[in-house]
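The values are calculated or read from the model by the stated rules, or taken from the named source; none is laboratory data. Predicted model, so just to flag it, every value in this text is computed and none were measured. Here the Cβ positions follow ideal geometry from the backbone for every residue, glycine too, while neighbour counts run over all protein chains shown. SASA here: full protein model, heavy atoms, side chains in, ligands and nucleic acids out. Shrake-Rupley method; radii C 1.70, N 1.55, O 1.52, S 1.80 Å.
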Amino acid sequence: MRHGRWTRPALLLLTLLFLVGCYQGRPKKKPPIHPNPNMDNTPRYEAQESSAFFEDGTTLRTPVEGTVARGSLHNDPIFYEGIDPRTGKPVEENPVPATMSSLKRGQERFDIYCSVCHGRVGDGKGIVIERGYTPPPTFHSELIRNYPDGHIFDVISNGIRNMPGYADQIPVEDRWDIVNYFRALERSQNADVADVPEELRDRLK
Ligand code: HEC
């Protein structure tokens, strides 16, 4: 086969490229040659860096006063605080309907967050109490049964006397689900035959 005019230079170029490839992969002490910088190294501030431009000397800007993140406008006192804006008192009724899914979620959250102290049935005999924590009252007293839903929500959110608040651990919607389950738990421990559907009463005998 006859070599063309460009065969030699082409081979040479390929070899060179190959060698450059090898060279690129090695650790080097000097910074690599950067023939086309584009915008690879743009002057900018790092977070927390000081700035001579702004009066307070910081690069980080604080949001304008009254700024609210999208989806964080908590302007419904019933849902977010359990407070009736007309009376300023705890709402009587849970704003979240007691659907099956709410109750299921509430049960799961109750078992995780509350049962350790209050026990799975709310009798106040949780494992933490066995180890010496201040015993909470049973949920099945006349007094607590008559508490408005908003009060239970407030206790979960802010705690009360010896009980810590759970606002940081339990999101608002979950708190209301727990309140729904809480009410179901109370009914379950204070039911009579009339609460059982007629067709199921035979099973109790
Ligand atoms: C660390 C243990 C602990 C956990 C966890 C806990 N509680 Fe309590 N709770 C207490 C104690 C102790 C009291 C009694 C407070 C007092 O009167 O000093 C109490 C009281 C209450 C009361 C009665 C409040 C009143 O007004 O008398 C309710 C309702 C209640 N808890 C609900 C809950 C719910 C719902 C959860 C789960 C989200 C929960 N608690 C988690 C310890 C706990």
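Observations, loosely collected:
- Scanning the stretch 137-147 for residues that are assigned to a loop (DSSP other than H, G, I, E, B) and either farther than 15 Å from V121 by Cβ or in contact with a Pro (Cβ under 9 Å, 6 or more places away or on another chain) (or both) gives N146, Y147.
- Y147 in contact with a strand residue (DSSP E or B) (Cβ under 9 Å, 6 or more places away or on another chain), within 12 Å of the ligand (Cβ to nearest atom) and either without any contact (Cβ under 8 Å) to a residue 60 or more places away in the chain or open to solvent by 80 Å² or more (accessible area, probe 1.4 Å) (or both): yes
- Residues that are of a type outside the set (A, V, I, L, M), in contact with a helix residue (DSSP H, G or I) (Cβ under 7 Å, 6 or more places away or on another chain) and assigned to a loop (DSSP other than H, G, I, E, B) within the stretch 115-136 comprise R120, G122, G124, G126, Y133, P135, P136, listed in sequence order.
- Of all residues in the stretch 112-153 being hydroxyl-bearing (S, T, Y) and under 26 Å from the mean Cα position of the chain (by Cα), the one that is nearest to E186 (Cα to Cα): S115
- Of all the residues in the stretch 60-111, those that are more than 19 Å from the chain's Cα centre (by Cα), closer than 28 Å to K125 by Cβ and outside any loop (DSSP other than H, G, I, E, B) number 3.
- Only one of the listed residues (I178, I170, I156) is over 19 Å from T138 (Cβ atoms) and either in a helix (DSSP H, G or I) or touching a residue at least 40 places away in the same chain (Cβ under 8 Å) (or both). That residue is I170.
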